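The values are calculated or read from the model by the stated rules, or taken from the named source; none is laboratory data. All of these numbers come straight from a predicted model, not from anything done at the bench. Glycine also receives a Cβ, built like all others from the backbone with ideal geometry; neighbour counts cover every protein chain displayed. Areas reflect the complete protein model, heavy atoms only, side chains present, ligands, DNA and RNA absent. Shrake-Rupley method; radii C 1.70, N 1.55, O 1.52, S 1.80 Å.
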Amino acid sequence: MFAEFAFPIFEQSIKAYHIIDDVYQPVLNPYEKGSVEHLLFAKNWVDTVQWHYEDIVRDPNIDPVAALDLKRKIDASNQVRTDMVEYIDGYFLQKYAHVQVKPNARINTESPAWAIDRLSILALKIYHMNEEATREEATAEHRAKCQEKLNVLLDQKNDMFISISQLVEDIENGDKFMKVYKQMKMYNDEDLNPVLYQNKK
């Protein structure tokens with residue numbers, strides 16, 4: 001059950017980040033480099049830092065220069081996030097390379113790693129919604145509304161556990177097959193982003 005294996009690692013990363021709660025703090029990954037646990041922890045850490053970048057950049061009083069710097073950090077973070085998802089897909093490709101794909105096998109709309117990416121973001125939503133649902137200085141109405149939302153997120157978590165497990169099982173049995181497209185983030189590429197390549201002239 002890969003989703004059930006990954007989720008506690010995501011929670012561990014989120015809790016570790018919030019000890020200091022600073023986007024510039026170094027990541028202290030407790031897992032052995034090269035292990036899938038290390039990759040999952042690192043993946044969620046990137047997501048967690050980016051979550052807080054997104055909070056900071058929405059400050060209505062933010063200095064425009066600082067906002068631009070943050071926007072560039074968010075772009076760079078998105079690229080790292082995409083690369084890490086592809087590394088996780090590489091793990092699945094290698095693990096199931098021996099599987100004999102059935103002639104009638106189907107392809108899924110997303111790969112296992114992109115589903116795991118959504119699970120990592122869901123872990124962040126659950127953490128922060130729980131914070132709001134239990135925030136003592138908030139009104140009772142606010143806490144109740146956030147608890148309702150938290151209940152939905154927890155239900156979604158259970159559904160994702162099931163659906164990711166089914167997807168991985170289908171791949172393992174040869175009923176579905178994987179393709180990794182190598183996402184093309186055009187906005188960071190000097191040869192694909194018109195603003196960037198026009199400035200090179």
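Across the stretch 75-83, computed HN-Hα scalar couplings (Karplus, 6.51 cos²θ - 1.76 cosθ + 1.60, θ = phi - 60°) run 4, 5, 5, 4, 5, 4, 4, 4, 4 Hz from first to last residue, x flagging Gly and Pro. Of the trypsin sites (Lys or Arg not before Pro) found in the stretch 1-98, the ones in coil according to DSSP and having at most 13 other Cβ atoms within 10 Å of their Cβ are K33, R58. The distance from the alpha carbon centre of the stretch 30-49 to that of the stretch 79-111 is 19 Å, rounded to a whole number.
Assuming charge only on the beta carbon of Lys and Arg (+1) and of Asp and Glu (-1), the dipole of the chain about its Cα centre is about 620 debye to the nearest 20. Around the amide H of F177, modelled in the peptide plane, lie the amide H atoms of R106, I107, N108, all under 5 Å away and 5 or more residues distant in sequence or on another chain. Find me the longest stretch of the chain that has none of the exposed chymotrypsin sites (Phe, Trp or Tyr not before Pro), where exposed means in a DSSP loop (not H, G, I, E or B) with at most 10 other Cβ atoms within 10 Å. Here the longest run is 25-180.
Oblate is the label for the chain, because the ratio a/c of its alpha-carbon gyration tensor axes (a ≥ b ≥ c) is 1.5 or higher and a/b is not greater than b/c. Beyond 32 Å in Cα-Cα separation lie the following of the pairs K145/K179; K71/K149; K102/K125: K145/K179; K102/K125. Across the stretch 166-172, coupling constants 3J(HN,Hα) worked out from phi with the 6.51/-1.76/1.60 Karplus curve, θ = phi - 60°, read 5, 5, 5, 5, 5, 5, 4 Hz, and Gly and Pro carry x. Measuring nothing but how far apart in sequence close Cα pairs (under 8 Å, 6+ apart) lie, relative to its length, the chain scores a relative contact order of 25 percent.
For the stretch 106-123, putting each phi into the Karplus relation 6.51 cos²θ - 1.76 cosθ + 1.60 with θ = phi - 60° gives couplings of 10, 9, 8, 5, 9, 7, x, 5, 6, 5, 5, 4, 5, 5, 4, 5, 4, 4 Hz, in residue order, rounded to whole numbers and with x for Gly and Pro. Taking the helices alone, the chain has a mean residue ellipticity at 222 nm of -23500 deg cm²/dmol, built from -39,500 (n - 2.57) per DSSP H run of at least 4 residues and averaged over all its residues. Under a straight-distance cross-link criterion of Cα-Cα below 16 Å, which aspartates and glutamates are reachable from K157, leaving out those fewer than 8 residues away in the same chain? Reachable aspartates and glutamates: E4, E11, D117, E148.
For the chain, the longest piece that avoids every one of the GluC sites (Glu not before Pro) found in DSSP loops with at most 15 other C-beta atoms within 10 Å covers 33-109. Just checking the listed ones, G174, G34, G90: in the Gaussian network model of the chain with Cα springs under 10 Å, the one fluctuating most is G34. Using a ≥ b ≥ c from the Cα gyration tensor of the stretch 1-44 (square roots of the eigenvalues), is it rounded, prolate or oblate, where a/c under 1.5 gives rounded and otherwise the larger of a/b and b/c decides, a/b for prolate? Oblate shape, in that a/c is at least 1.5 and b/c is the bigger or equal ratio.
Using a Gaussian network model of the chain in which every pair of alpha carbons under 10 angstrom is joined by a spring, one finds that among N44, N158, N61 the greatest mean-square fluctuation is at N61. Accessible surface calculations at 1.4 Å, restricted to protein heavy atoms, place the chain at 61 Å² per residue. Accessible area per residue was computed with a 1.4 Å probe on protein heavy atoms; T134 scores about 80 Å².
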